[in-house]
Structures are given as C-alpha cells and as structure tokens.
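Some notes on the structure that comes next.
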Amino acid sequence: MAGMEILGVKPRDAVEFVALMRRLKQESQLTYRQLEERAAARGEILARSTLADVLGGKRLPRPELLTAFVHACGRGSEATAWLDALDVIARGEALEHGLDKADPAPTEPAEAAPTEPVRHGQPSDKRFKGHLLPLTMAAAFGAVTASVAWMLIPFGRPAGDVQHTESTTSGIWSTLPRGWVRLRPVTALHLCLTDGRVQNYRYVPLVAVQRPCDEVAPQTTLLEPTGEGNYRIQWHHPDYGRGCLKALSEGPGAGLLEPRDDCEQGSSFEIEPSGLYGSGQYVLRVKGQGCVGIVGSSTAEGTEAEMEPCVGKGGQVFVIDLLP
C-alpha cells in the first residue's frame with residue numbers, strides 16, 4: 001500500500017518510511033541530542049532513545065514523536081504530510097502483520113528495560129515493547145547504521161582491561177580499573193550511574209541517574225584519564241555515540257550531570273579513594289563545584305546524581321569496578 005508523498009517519494013511500506021526519516025535526519029545535519037534539544041525548546045519530548053529505536057528499524061514512530069521529529073528537523077510545514085503517510089503505512093502494516101495500533105510502543109523504552117540481566121554488548125529486544133518491523137529492515141539499514149554508529153571503541157572490553165592506572169590523593173595510593181566499568185553508589189550497590197530523566201521534569205535532556213545495573217546495557221562506561229588523577233566519565237552507546245558527563249553550573253539543570261557529544265566540554269573529575277585500601281570506593285570531585293552525590297542519598301531507582309558540597313559519605317561514595 002503506497003503512502004502519501006513525503007520528500008518527493010511515496011513510501012510503500014514501513015521500511016521505506018523509516019528510510020525517509022533517516023534521510024530527513026541526515027539532511028538536517030543534526031545529532032540525536034540536538035534534535036532532542038530543539039524539540040524541548042518547542043515544549044515537545046523527543047527522547048533520543050526512542051528516536052534511535054525508530055531510525056534503527058525497531059518500530060514505527062508514534063504520531064507525537066513523528067511530529068516533534070519533523071519540526072526539530074526544520075520541516076514543520078510538512079508535518080501533516082508525514083502524519084498522513086504514517087497513518088497509511090501503519091494501517092498497511094497492521095493488516096499485513098496483525099499489529100494492534102491501539103497498543104502503541106511506549107515513548108520511553110529505557111523505562112521498560114529487561115527484567116533479567118543482559119549480556120554485555122548484546123542488547124535484548126525485551127528492552128523495546130513496541131512491535132518489531134520485518135527483519136528485512138535490519139538488513140536494509142545495516143550499512144547506514146554502521147556509518148553513523150559509534151566506532152571509537154567496539155563492544156566487548158578493550159584489550160588489556162585488567163590493567164590498572166594509579167592515582168594518589170593525600171599520599172593514599174589506590175588503583176582504578178581500566179576498561180568498561182560500573183559506578184555504583186555504596187548506598188545502593190545494585191544500582192549503577194547511567195542516563196535517565198529528571199523526576200520533577202525541571203530539566204528535559206538526559207542526565208545521570210541511578211538505575212538497576214542489569215538494565216543499563218547496551219550503554220557502557222569508561223574512565224578517560226586527563227592527567228593528575230583526573231578523568232572524564234564517558235558513556236558509549238551503539239545508537240547515541242559517545243558522550244562525556246558535564247557538571248552543569250547554571251540554568252534549569254544547574255547541579256545535574258549531562259552527557260555532552262563534544263567530550264572537550266565534559267567535566268574533569270578528580271577521583272579520590274575513600275575508605276579502606278582495596279575497597280574500590282571513591283569520591284568524584286569537580287574543582288569548584290563539589291562532589292557527585294545521589295540526591296538525598298536515596299536508594300530509589302531513577303534518582304538523579306547532582307553536585308553537592310563534599311562530605312565524603314553516603315550517596316557521595318561510589319564503588320568503581322569492572323563490568324562483569
């Protein structure tokens with residue numbers, strides 16, 4: 001069933017429709033983060049995780065996501081045509097594959113993470129509760145996905161991940177794991193520092209929160225030495241690329257930690273040993289901004305990390321260990 005014309009083309013099926021969405025993103029020359037920020041400026045939500053799933057062929061977009069996406073790409077005047085085409089394609093897919101349009105995919109798949117551990121580097125389709133498109137979509141987009149996916153560090157641990165790097169603070173020597181790591185607050189060791197949403201919605205972009213460690217994959221964390229016991233905290237994701245945490249000092253997100261595409265904008269964290277030697281416990285300090293801590297030392301899933309006056313206890317102490 002042919003759809004309405006968009007970008008001068010009448011998409012015949014979901015594969016061609018999503019291919020046109022990818023083309024629109026490429027023509028906009030905007031990153032996932034920039035698209036999300038543009039949508040937020042209009043008061044719309046365009047979660048990078050959801051958009052990446054759609055453009056990666058996981059499912060068709062919901063109408064509100066498609067509208068936000070087209071506007072963010074600077075083609076808002078064409079939103080109606082895109083929605084009409086989506087409606088035609090979605091009805092065709094429902095008839096062909098038995099999909100139930102009344103049961104749309106959630107807009108925040110990261111909150112619907114798998115309930116069982118995911119092997120490192122192997123994303124599970126349980127992470128996405130939306131209906132999967134035909135497998136031919138994966139093949140159709142394989143070459144394109146490879147060109148835009150992060151390629152700096154492959155999945156699986158870097159060679160030599162059992163090596164350690166030495167740091168010293170006040171004469172206390174400690175060792176940090178080198179490779180894919182977890183940052184776990186000592187107040188809730190089953191939780192890991194990863195991306196999520198601010199619970200009171202005072203800030204729209206993704207920030208650092210604590211979530212169950214077995215729900216973090218396929219995102220991974222790496223510590224990048226910057227000298228003199230300082231590190232950047234890098235997050236790597238096959239869809240979003242690399243992002244380095246920045247401790248925000250002003251604006252509505254002041255105090256929060258936001259991943260930035262340009263790692264040169266990332267904060268430099270002084271990682272100081274805490275507790276007994278060999279305990280793997282550390283405090284993360286940013287000069288002039290305090291220490292990273294879980295708000296209220298909460299043990300609740302989804303609680304944000306924020307910059308606080310350094311006290312060196314409770315939610316400000318993290319265990320840093322290699323990813324199992």
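Suppose R0 equals 41 Å. What FRET efficiency, 1/(1 + (r/R0)^6) with r the Cβ-Cβ distance, do Leu322 and Asp87 give to the nearest 0.05?
Details: r = 48 Å, r/R0 = 1.18.
Calculated transfer efficiency: 0.25.
If we sort 286-295, 262-271 on the protection proxy, mean other Cβ atoms within 10 Å, highest first, what's the order?
Values: 286-295: 19.7, 262-271: 18.1.
Taking the mean over residues of other Cβ atoms within 10 Å, the ranking is 286-295, 262-271.
With 31 Å as the limit, write out which pairs from Lys10/Lys246; Lys25/Lys246; Lys246/Lys313 have Cα-Cα distances beyond it, or answer none. Present the calculation step by step, with values, prior to reporting the outcome.
Working: Lys10/Lys246 43 Å; Lys25/Lys246 26 Å; Lys246/Lys313 22 Å.
Too far apart for the 31 Å limit: Lys10/Lys246.
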For the range 1-84, give the percent of accessible area contributed by carbon and sulfur heavy atoms, probe 1.4 Å, rounded to a whole number. 48
Going by amide H atoms built from the backbone, whose H comes under 5 Å of the H on Gly196, apart from near neighbours? Val207, Val209
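Show me the ranking of peptides 49-61, 307-319 by mean Cβ neighbours inside 10 Å, starting with the highest. Walk me through the intermediate numbers first.
Details: 49-61: 22.7, 307-319: 18.6.
Top to bottom by mean Cβ count within 10 Å: 49-61, 307-319.
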Express the accessible area of the range 172-324 per residue in Å², computed with a 1.4 Å probe while the remaining protein chains stay in the model. 40
Assuming R0 = 25 Å, what is the FRET efficiency of Arg12 and Asp261, from their Cβ-Cβ distance, to the nearest 0.05? 0.15
Ranked from highest to lowest mean number of other Cβ atoms within 10 Å per residue, what is the order of the peptides 249-258, 176-185? 176-185, 249-258
Signed unit charges on C-beta, dipole axis of the range 253-308, positive-most listed residue Gln289, Gln265, Ser279: Ser279
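Test of understanding: what is the full-extension gain from Glu78 to Gln34, defined as 0.36 nm times their sequence separation minus their Cα-Cα distance?
Working: separation 44, 0.36 × 44 = 15.84 nm, distance 1.98 nm.
Using 0.36 nm per residue and subtracting the Cα-Cα distance, I get 13.9 nm.
For Tyr277 and Tyr201, calculate 0.36 nm times their separation in residues minus their Cα-Cα distance, and state this gained length in nm to one decimal.
Values: separation 76, 0.36 × 76 = 27.36 nm, distance 3.93 nm.
So the extension gain works out to 23.4 nm.
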Two-site FRET efficiency, His190 against Ala41, from Cβ-Cβ distance with R₀ of 45 Å, rounded to 0.05: 0.80
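The values are calculated or read from the model by the stated rules, or taken from the named source; none is laboratory data. Since the structure is predicted, the reported quantities are computational estimates derived from the model, not experimental observations. Every residue, glycine among them, receives a Cβ derived from its backbone with ideal geometry; neighbour counts consider all protein chains shown. Note: areas computed on protein heavy atoms with side chains; ligands, DNA, RNA excluded. Shrake-Rupley method; radii C 1.70, N 1.55, O 1.52, S 1.80 Å.
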